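Quick notes on the structure that follows.
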Amino acid sequence: MTSSSAKLILKAALGASLALNLVFGALLFWPDAGRPHGVRGLQARMERVLGPEDRATFHRVMEESRPRWEPLRRDMWQARPQVGRAIGAEPFSEEALRAAMAEGRHRWAAFSEAYEDSLARATAAISPEGRRRLLADMPENRE
């Protein structure tokens, strides 16, 4: 493999990794400047629009679910450096990079599924008015 083709593969891999991270992040976290980020930020943003009773119910269900998704969140974050190590390895191995990215996707999917299940359970536990408030607060529904 020539030096220029190795650089091209590296650029493509970095671009693909960046694109995946942006897409996955956008699916889970509502972008909104000035608000906290991450799973705790998402939960806090959802809770802030709810009335007191719905807020307490939503929070309780999310906290009861935390033992299912929190270890998966940690696993996901622990996998991230593997991509960087694969990119920086000499000799470079396209297969190792693909494996590291696949592992990251696998861990993201496991976390995402568990966290989304918790969000669904918490949303199902609140009142119809609370769900209407959540819907109205979503970026695409704000005026």
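Of the residues ALA122, ALA44, the single one that is in contact with a Pro (Cβ under 9 Å, 6 or more places away or on another chain) and more than 30 Å from SER3 (Cβ to Cβ) is ALA44. For LEU97, indicate whether it is among the hydrophobic types (A, V, I, L, M, F, W, C), in a helix (DSSP H, G or I), in contact (Cβ under 8 Å) with a residue 12 or more places away in the chain and closer than 17 Å to ARG80 by Cβ. Against the criterion (among the hydrophobic types (A, V, I, L, M, F, W, C), in a helix (DSSP H, G or I), in contact (Cβ under 8 Å) with a residue 12 or more places away in the chain and closer than 17 Å to ARG80 by Cβ), LEU97 qualifies. When residues in the range 121-143 are screened for being under 15 Å from GLU53 (Cα atoms) and either among the hydroxyl-bearing types (Ser, Thr, Tyr) or assigned to a loop (DSSP other than H, G, I, E, B) (or both), 3 of them pass.
Conditions (1) in contact with a Lys or Arg (Cβ under 6 Å, 6 or more places away or on another chain); (2) under 27 Å from ARG132 (Cα atoms); (3) at pLDDT below 95, marked per residue:
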{"position": "TRP30", "(1), (2), (3)": "no, yes, yes"}
{"position": "GLY38", "(1), (2), (3)": "no, yes, yes"}
{"position": "ARG45", "(1), (2), (3)": "yes, yes, yes"}
{"position": "HIS59", "(1), (2), (3)": "no, yes, no"}
{"position": "TRP69", "(1), (2), (3)": "no, yes, yes"}
{"position": "ARG74", "(1), (2), (3)": "no, no, yes"}
{"position": "ARG80", "(1), (2), (3)": "no, no, yes"}
{"position": "ALA86", "(1), (2), (3)": "no, no, yes"}
{"position": "GLY104", "(1), (2), (3)": "no, no, yes"}
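When restricted to residues that are more than 30 Å from PRO139 (Cβ to Cβ) and of a type in the set (Gly, Ala, Ser), the range 49-96 contains 6. All of ARG45, ARG66, ARG85 fail the test of being part of a helix (DSSP H, G or I) and open to solvent by 60 Å² or more (accessible area, probe 1.4 Å), apart from ARG85.
The values are calculated or read from the model by the stated rules, or taken from the named source; none is laboratory data. Because the structure is a prediction, the values reported are computed rather than measured. Counting neighbours? That spans all protein chains shown, and the Cβs are built from the backbone with ideal geometry, glycine included. In case anyone asks, the SASA skips ligands and DNA or RNA and just uses the protein heavy atoms, side chains included. Shrake-Rupley method; radii C 1.70, N 1.55, O 1.52, S 1.80 Å.
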